[in-house]
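What follows is a set of notes on a single structure, which appears directly below.
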Amino acid sequence: MTAGYWARLALVYTLAVGAVAAFAAMSREAVNAVVAAMNQGRTDDALRLLDTTLQQDPKDAEALNLRCRVFYAEERWDDAIGACELAVQLAPGNSSYHMWLGRAYGEKAQQVTFVAAYKLAKLIRAEFEKAVSLDGKNGEALSDLGEYYAEAPAVLGGGYGKAEAIARQLDGFDSMRALDLRARIAEEKKDYVTAETDYRGKISVSHSAAQSWMDLGSFFRRRERWDEMQAAVESGAVAAEHDHGPPLVDGASTLMKAGREPQTAIKWMRDYLASNALSQDAPAFVVHARIGTLLKQQGDTQGAQREFAAARALAKDYAGLPASPNTSR
C-alpha cells in the first residue's frame, strides 16, 4: 500500500451501509505519520503512535485497521485478527477493513489444524465477498477473492468458474490483476502453457516490468525450471535498477526458496535497504531477517546476528525473528 492510499482511506473512515458509526477517525496527519513509519519498517514506532490514538478513542476504526496491518506485517496473526475484527465491527461498511480481516484469517488458516482451517475458510470467503460487495472496484479484494475461488474446493465455495468471473470483472479496470488471476487459475488447472503466457503478458502491459518479471521467475521456480527462473529474476533486477524497489526483495525470495545464488539475493536485499523505495510491501525488518538467515547458513554468525538485531530494533515482536540471539526458528 502507498502513503497516498492511506491518506485517502483516512478521509473515508466509514462507508454508509445501514447505520453509520459516529466515531471520529484519525486525523490525516496521524495517518500519514503511521504510514511513514510502516513504510520504513518501523512497526514499533507505528504501534506507539496508534496506541496514543486508541487511548484517546478506543473506537477509532481507522487506527484499529492500521494496527491490524502492523500485526499482519509482523506475522502476529491472532493479534491482527483481533484488531481487524474490531475495525469491521465499528465500520462494517468499509470494504478495505473486510479485505484485511479476510487476509488475516487466511494467514492464520495456514498455521492451524485441518479442522480449524476448514472453519476459517468460511470466514475468509465471507470477508472477501463482503469486501467486494461493498466496493466492486476494490482490485485488491477482487484479486484475493478470485485466488480463493481458484484454490478452494467446491465444498468451501471455490470454483474455477467463479474465479474466471472475477477476472472478467477486473478486465474492466485493472488488466494487470486480471492477467495475474488468470495465470493463477491456469496453474491450479495445471495448464502451465496458458499460465506462462499470462505471466509473460503481464510484462508487456505493465508500466514497471520489474515485478512482472519476478512473478514469472516465481512461476518457473514452482515448475523447477531453474535456468529460466534465473533469467527471469535477473531481468527483473535490471528493470528495478532505477529505484531498487520491492521487486528486488521478491526476486531475492525466489532465489532463497530455490536455494540458488545466496550472494545475489543478499546484494539485492541490501540494495533495497539502501534505497529510497522502502515500502510496506517489503518490510525492512523482514528483509534484515532474511539477510541474517542467509548469512547464518553461510557460517557468518556475527553478520547474521547484526542483521537480526537490526530487524529487532525496528520490530521487536516480529514472529519471524529467532527467539533469542543464540537460537533460530
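The values are calculated or read from the model by the stated rules, or taken from the named source; none is laboratory data. Everything numeric here is computed off the predicted structure, so don't read it as measured data. Here the Cβ is made from the backbone with ideal geometry for all residues, glycine too, and neighbour counts use every protein chain on show.
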Please indicate, with yes or no, whether at least one residue in the stretch 94-115 is out of contact with any strand residue (DSSP E or B) (no Cβ under 7 Å at 6 or more places or on another chain), in a helix (DSSP H, G or I) and at pLDDT below 95. yes
For the stretch 122-165, what are the residues that are in contact (Cβ under 8 Å) with a residue 24 or more places away in the chain and among the charged types (D, E, K, R)? Lys122, Arg125, Glu127, Lys130, Asp135, Lys137, Glu140, Asp144, Glu147, Glu151
Residue count, the stretch 202-216 (criterion: buried (at least 19 other Cβ atoms within 10 Å of the Cβ), more than 14 Å from Pro246 (Cβ to Cβ) and of a type outside the set (A, V, I, L, M)): 1
If you go through the stretch 241-258, how many residues are under 18 Å from Ala274 (Cβ atoms), in contact with a helix residue (DSSP H, G or I) (Cβ under 6 Å, 6 or more places away or on another chain) and at pLDDT 95 or above? 6
Residues (touching a helix residue (DSSP H, G or I) at 6+ places or on another chain (Cβ under 8 Å) and outside any helix (DSSP H, G or I)) located in the stretch 209-229: Ala209, Arg223
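Let's see how each residue does on (1) of a type in the set (Ser, Thr, Tyr); (2) surrounded by fewer than 21 Cβ atoms within 10 Å (Cβ to Cβ); (3) at pLDDT 95 or above; (4) over 19 Å from Leu314 (Cα atoms):
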position	(1), (2), (3), (4)
Phe219	no, no, yes, yes
Gln230	no, yes, yes, yes
Glu234	no, yes, yes, yes
Tyr272	yes, no, yes, no
Ser279	yes, yes, yes, no
Ala282	no, no, yes, no
Ala289	no, no, yes, no
When you check Asp51 against the structure, is it farther than 22 Å from Pro246 by Cβ, of a type outside the set (A, V, I, L, M), at pLDDT 95 or above and assigned to a helix (DSSP H, G or I), yes or no? yes
Write out, first by first residue and then by second, each pair whose Cβ atoms fall under 8 Å of each other, whose residues are 6+ apart or on separate chains, and whose first residue, in the stretch 98-110, is farther than 12 Å from Arg125 by Cβ while the second is among the basic types (Lys, Arg). Trp100/Arg69
Out of the stretch 55-70, which residues are buried (at least 19 other Cβ atoms within 10 Å of the Cβ) and without any contact (Cβ under 8 Å) to a residue 24 or more places away in the chain? Arg67
Select, from Thr264, Thr254, the only residue that is assigned to a helix (DSSP H, G or I), over 22 Å from the mean Cα position of the chain (by Cα) and β-branched (Val, Ile, Thr). Thr264
As an exercise: evaluate Ala30 against (1) more than 22 Å from the chain's Cα centre (by Cα); (2) at pLDDT 95 or above; (3) part of a helix (DSSP H, G or I) and give the number of the one condition it does not meet. (2)
Could we say that Leu86 is in a helix (DSSP H, G or I) and within 25 Å of Ala163 (Cβ to Cβ) here? no
